[in-house]
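Accompanying notes for the structure given below.
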Amino acid sequence: MSIQQSEKTVEQGPIVWEPEDAEEAVRLKRQYGAEAVFVAGGTLLRTQWENGVAAFPQHMIRLDTIPGITDIQEHADSLLIGALSSLKQVGIHKQVEQYAAVLYSACKHIAAPSIRHLATIGGNIASAVGDALPALLVHHARLVWADSDRTDIIYEQSVVDWMDQLRKGQKNAQAVLLGIHFPKEPVDAAAHIAMDPTSASHDLGGLATVNTKSDQVQSNYDKQHHADNDTLLRLKRDDRHIVSDDMHTLSDERHMLSSGGMKDSASVQLWSDQHGETWRELGFFRKLGRREAFTPSLVTVAFRAWIAEDGRLLHVRIAAGGGSGLGMRLYNCEQWLEGQIYDPSITTQLAELVTAEFVSYSDPFATDTYRQRSAGNLLAAGLWESIQAMGKRG
């Protein structure tokens, strides 16, 4: 462990700690409590300090000295995005595009380009109101945390469970976010459906019968989880490495900027099962804001589903958030859309259902009703336009 500014008084500036691993970072936070903050890119914290939203800390615990959490690592059955990966890094990584396409799209549209170069995916998540959260909610993402109060120290938690904790006021301020785990979507699409317990009550239209290896996929994925977490715990500073060979700038940006500050992005992946049946992964992310500067969005939405050859929408996942409100899954909308054969006429009813289910808030910039209606319109328009784009691609 090293300390910067250790000879300075608190009035001259904070004491900056440089932990050698995650366990030490958590111990420091527990020791100094509310007087200490974890610092990654620091973009959001700096804004909060300048606006008087948060007090300047007496202790700053750097996270960029912890090995392994600036990398994006691909494994046999999963993808691990380190919490200190920059938004820019996530938004150009080819494996993220393949296995977490909605998040990939979202990271292209959070804040301005100069901010995305510094801001981290972990900081966006840990803020609890980051624009990346709706995208994570529609994936099968799990957060990797370190907490010295737990027997296992390193543990995982689904994004849905973590958001539920936040709503109950049970946020663990002592834990540090190390990364985000994504299961690789197998060609056998039903295998990943089996990983999500919320999908059990849905009518999958026969898709689940395609799976013959879901138990093995889940078993291998769980083993890789534990192996990755153990690695994050054991690594010391001398073991740090940077994965750069997998970084590529993609020629197909798959996004556009439309009038009124509304940004959208759509991604489509093609899958085939062992019986030759073909379906596509359909996903998009949209954000409505006042401008492209580093200001909170008004509304952020994300959508992800499988669309079968006959137009059925399967395994639908819909989320909305934005501003200082907590993101949420729209379960009623998901269940209503699940198994339906797409027709342009359903978008009008989808907009109405989203408006009714999305819980938002009012502030000087927009009313809750405006945010709810905007979320409905964004999702309805996004679904229609994404399917139209998919048809043009053939």
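Figures for the structure shown
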{"item": "Residue that is least open to solvent (accessible area, probe 1.4 Å) [pool: residues in segment 104-157 that are polar (S, T, N, Q), closer than 18 Å to Phe38 by Cα and not in a helix (DSSP H, G or I)]", "result": "Thr120"}
{"item": "Within segment 305-331, tally of residues that are modelled with pLDDT of 95 or more, touching a Leu at 6+ places or on another chain (Cβ under 9 Å) and open to solvent by 10 Å² or more (accessible area, probe 1.4 Å)", "result": "2"}
{"item": "Pair list, Cβ under 7 Å, 6 or more apart: segment 65-85 residue free of Cβ contacts under 8 Å to residues at least 60 places away in the same chain and over 15 Å from Pro19 (Cα atoms), other residue open to solvent by 10 Å² or more (accessible area, probe 1.4 Å) and part of a strand (DSSP E or B)", "result": "Ser85/Thr120"}
{"item": "Total residues in segment 127-185, condition of a type in the set (Lys, Arg) and free of Cβ contacts under 8 Å to residues at least 24 places away in the same chain", "result": "2"}
{"item": "Residue check for Leu79: open to solvent by less than 20 Å² (accessible area, probe 1.4 Å), touching a Phe, Trp or Tyr at 6+ places or on another chain (Cβ under 7 Å), at pLDDT 90 or above and not in a loop (DSSP other than H, G, I, E, B)", "result": "yes"}
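The values are calculated or read from the model by the stated rules, or taken from the named source; none is laboratory data. Here the structure is a predicted model, which is why all the values come from computation and not from measurement. Cβ coordinates were reconstructed from backbone atoms using ideal geometry, including for glycine residues, and neighbour counts include every protein chain displayed. With ligands, DNA and RNA removed, areas are computed over all heavy atoms of the protein, side chains included. Shrake-Rupley method; radii C 1.70, N 1.55, O 1.52, S 1.80 Å.
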